[in-house]
Amino acid sequence: MRIRVVHETIYTYEQPARGLVQVLRLTPRDHDGQYVRTWRIDTTIDGRLTAREDGFGNVVHWFTPDEPADALTIRVTGEVDTDDTNGVVRGTVERLPDQFFLRDTDLCAASPELHAFAERVAAEGDGAVLALLHRLMGAVRGAVTYEPGPASSAVPAAKAFAAGSGVCQDLAHVFLAAARHIGIPARYVAGYRARDDGQADVEAPHGWVEALVPDLGWVAFDPCYDVSPSDNYIRVATGLDYLGAAPIRGSRTGGGTETLDVKLRVEQGRTAAQS
């Protein structure tokens with residue numbers, strides 16, 4: 001499948017913001033099943049855009065404007081060709097040992113109730129790791145109702161589990177907390193998902209998880225839809241939780257109240273026939 005993305009993040013400030021720094025994890029990399037044809041980042045104000053790689057192997061851009069600004073739009077456009085790999089993730093840049101992904105974070109800290117949930121799912125059926133993870137994905141989807149919304153409303157896993165509802169980041173964090181509790185390395189994935197109904201307009205970038213399966217490697221799971229991501233997903237960045245893979249994080253001095261708007265189109269196309 002060919003997926004086209006147009007992603008605009010629009011900031012406005014009450015007063016010109018000084019010392020503005022934006023950290024962008026907005027650039028996907030090639031791996032098995034994902035080939036980046038074109039990809040670019042543009043900004044509406046002049047400044048310096050420098051690229052580097054973080055400890056997770058993500059492509060990270062740092063943007064610093066030349067002058068104080070009362071508005072900024074960051075625009076991403078690109079095309080990616082994808083193949084369905086049945087959720088198996090291979091050919092990615094790996095900088096960290098697998099056991100690193102057993103670490104807890106504030107967003108993935110589990111409550112006693114979430115611990116009990118994970119242990120119950122693990123004991124319910126086939127103990128093989130792949131079967132257990134599919135069972136966990138379905139159990140998270142059953143326990144926490146997915147409510148589309150902005151990532152800014154994400155809460156810690158224990159809170160989302162107790163509430164029984166959340167945005168995609170919340171379901172991912174619940175899965176991560178449960179998987180790590182039962183000894184399975186797991187990580188957060190940020191990216192884009194083309195809708196199944198063909199509609200191009202989506203509310204926000206998407207988030208899901210990858211977990212480590214012995215003799216198979218990293219496998220992707222999306223508890224929001226109870227599926228292993230297929231060729232309608234673009235994988236962009238990974239981290240221990242949402243904050244480590246967030247598309248944009250920044251800081252500034254002054255500027256007063258900030259207003260944020262996101263416009264996103266993720267459009268399915270067809271790859272050209274090969275001769």
Self-check item: Correct option for Cα extents along the principal axes in Å [calculated from the coordinates] among (i) 59, 54, 36; (ii) 56, 41, 34; (iii) 69, 57, 33
Solution: (i)
Quiz item: Among 75-86, 47-58, what's the highest-first ranking by average C-beta atoms within 10 angstrom per residue?
Solution: 75-86, 47-58
Self-check item: the chain: angle of helix 168-181 to the longest principal axis, Cα-based, in degrees nearest 10
Solution: 40 degrees
Quiz item: With contacts defined as alpha carbon pairs under 8 Å and 6 or more residues apart, what's the relative contact order of the chain in percent?
Solution: 30 percent
Self-check item: Column: log10 I(q)/I(0), Debye, Cα scatterers of segment 79-201, q = 0.12, 0.13, 0.16 Å⁻¹
Solution: -0.50, -0.58, -0.87
Quiz prompt | Accessible heavy-atom area order of H61, H7, highest first, probe of 1.4 Å | solution = H61, H7
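Roughly to the nearest percent, how much of the accessible area of the chain is carbon and sulfur, given a 1.4 Å probe?
On the chain, the fraction of accessible area on carbon and sulfur atoms equals 46 percent.
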Quiz prompt | Helix 112-123 vs. the chain, principal-axis angle (Cα, 0 to 90°, nearest 10) | solution = 60 degrees
Quiz item: If you count, for each residue, the other Cβ atoms within 10 Å and average over each peptide, how do 128-140, 25-37, 88-100 line up from highest to lowest?
Solution: 128-140, 25-37, 88-100
Self-check item: Taking segment 1-139 and dividing mean pair separation by its residue count, relative contact order in percent (alpha carbons under 8 Å, at least six apart)
Solution: 30 percent
Quiz item: How far is the Cα center of segment 191-258 from the Cα center of segment 134-154, in Å?
Solution: 13 Å
Exercise. For n ≥ 4 DSSP H runs only, could you compute -39500 (n - 2.57) per run for the chain, divide by its residues and tell me the 222 nm figure to the nearest 500?
Key: -5500 deg cm²/dmol
Quiz item: Over what distance in Å are the Cα centres of segment 71-101 and segment 1-56 separated?
Solution: 14 Å
Quiz item: With every protein chain present, what is the per residue accessible area of the chain (1.4 Å probe, Å²)?
Solution: 46 Å²
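The values are calculated or read from the model by the stated rules, or taken from the named source; none is laboratory data. Since the model is a prediction, treat every value here as computed from it, not as a measurement. Cβ coordinates were reconstructed from backbone atoms using ideal geometry, including for glycine residues, and neighbour counts include every protein chain displayed. We work out accessible area using only protein heavy atoms, side chains counted, and drop any ligands, DNA or RNA first. Shrake-Rupley method; radii C 1.70, N 1.55, O 1.52, S 1.80 Å.
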